[in-house]
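Quick note: the coordinates plus some simple rules give every number you see, no bench work behind them. It should be emphasised that the depicted structure is a prediction, and the values quoted were computed from it without experimental measurement. Positions of Cβ are generated from backbone atoms using ideal geometry, with glycine treated the same way; all protein chains shown enter the neighbour counts.
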Amino acid sequence: MRNAAAETVEFNEQKNGAAPQRSSEIRHDWTTDEVLEILRAPLIDLLYRAQGLHRRYHEDNTVQLASLLSIKTGACPEDCKYCPQSAHYAKETGLERETLLDVDTVLEKAQTAKAAGATRFCMGAAWREVRDGAAFDQVLDMVRGVRGMGLEACVTLGMLTQNQAERLAEAGLTAYNHNLDTSPEFYGEIISTRTYEDRLDTLACVRSAGITICSGGIIGMGESETDRARMLEILASLDPHPESVPINALVPVPGTPLAERPPVEAMEMVRMVATARILMPKTRVRLSAGRRRFGKEAQLLCFMAGANSIFYGDKLLTTANNDTEEDLALIAEAGLQVLDAPADH
Ligand code: SAM
Ligand code: DTB
Ligand code: SF4
């Protein structure tokens, strides 16, 4: 006899009367209504379903530790309303502009991150786009250096051309982070200096250069539940799915236009993580910015919901992150393993 939980858990697959099949789990044609139904499902059912998929696709029960470094901070010409690095809000945020760090400084930081247990090193630049020249050549050296240490290397540098993506691939880049941030419908409320299409074009260049895609978004910017569903739907429509999906909760930075947004409820984050896990079973879902405000229990629920990566280290790009000792203790207490080698892509 089927039990009630199984019936609700399989709410989507059962609709056509077909038995749920493993091959149907990797889909690129989720509809907004389907995604909304998942996002709004009773929390226990949602967690149960996400955890079931998570266990099947991620038997190793690992959590990847990715350390972040801002290699070029501030004075960005884009107007992303959440971002402390935008030049548009520099007077209000008071953030100091910095020039591109030199390669040795970056590699020292990567070595420190590796010694602390990270296996992925992510470098972020407050650029609108990559420009060919000395600065890009320097970033390519950073990528080679980080890869030479046996770490995964990820960069987030803004928009890219196909040729630039290929040069990054040649340097050995593992992943390129470029977030959709939100739904196409809400996007214009947050950013006016580049389009959603621009973002998708960059992701297409990354994919065709053979670099893995890291792309996700932010919740808590005033978007609706439908906007959240749409963002996940579009990420899941990419074929193949992004290898990594960071889910950020807005870090409201004083001086930015979104500074006064009410804080994201932890359970909203749990729902986003679980829905991402269900839509993209193989993807590494990263519990990203904003988790500093969440307690141990909420983070544990995110791990149960399918999060299997975190940003690890005292700092994100410009804001503070969780304590590393506390992160390691939580992972151990949960019975999860720290991923101790670069992921096999
Ligand atoms: N300039 C590049 C770009 O926008 O692609 C790379 C750096 S940018 C800071 C990387 C991502 O960080 C953004 O797409 C956004 O999702 C996230 N982010 C920035 N500020 C944030 C904030 N205050 N809270 C949460 N996430 C944030
Ligand atoms: C992502 O999705 N989140 C990270 C990383 N990719 C580059 C950045 C979070 C930034 C949070 C605000 C700050 O520290 O400046
Ligand atoms: Fe610039 Fe990236 Fe910040 Fe937007 S998110 S202002 S592009 S650094």
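Only helices enter this figure: runs of n ≥ 4 DSSP H residues, each worth -39500 (n - 2.57), summed and divided by the residues of the chain, yield -12000 deg cm²/dmol at 222 nm to the nearest 500.
When only Cα pairs below 8 angstrom with a gap of at least 6 residues are kept, the chain shows a relative contact order of 24 percent.
Taking other Cβ atoms within 10 Å as a rough exposure proxy, 168, 69, 238 sort from fewest to most as 238, 69, 168. For a paramagnetic label modelled on residue 225 (point 7 Å from Cα along Cα→Cβ), amide N atoms under 18 Å away belong, within the stretch 276-294, to 276-279. Using the structure shown, select from 114/296; 81/315; 72/282; 81/114 the pairs with a Cα to Cα distance greater than 28 angstrom. The answer is 72/282; 81/114. Normalised radius of gyration (Cα atoms, divided by 2.2 N^0.38 Å) for the chain: 0.96.
All other residues whose Cβ lies under 12 angstrom from that of residue 107 are scored, Lys and Arg at +1 and Asp and Glu at -1, for a net of 0. The magnitude of the dipole of the chain, with charges of +1 and -1 set on the Cβ of Lys/Arg and Asp/Glu and taken from the Cα centre, is near 280 debye.
May I ask for the angle, rounded to the nearest 10°, between helix 225-237 and the longest principal axis of the chain, with both axes built from Cα atoms and the value confined to 0 to 90°? So the helix axis and the longest Cα principal axis differ by about 80 degrees. Summing Cβ point charges (Lys, Arg +1; Asp, Glu -1) relative to the Cα centre of the stretch 123-252 gives a dipole of roughly 340 debye.
Put simply, the amide H of residue 64, placed in the peptide plane, has neighbours under 5 Å in 309, 310, 339, leaving out anything fewer than 5 places away on its chain. For residue 284, nonlocal amide neighbours, meaning residues 5 or more places apart or on other chains whose placed amide H falls under 5 Å from its own, are 244, 245. Count the net charge of all other residues whose Cβ sits under 10 Å from the Cβ of residue 167, scoring Lys and Arg as +1 and Asp and Glu as -1. With Lys, Arg at +1 and Asp, Glu at -1, the neighbours total -4. Can you give me the C-alpha center-to-center distance between the stretch 308-345 and the stretch 141-189, rounded to a whole angstrom? Going from one Cα centre to the other spans 21 Å.
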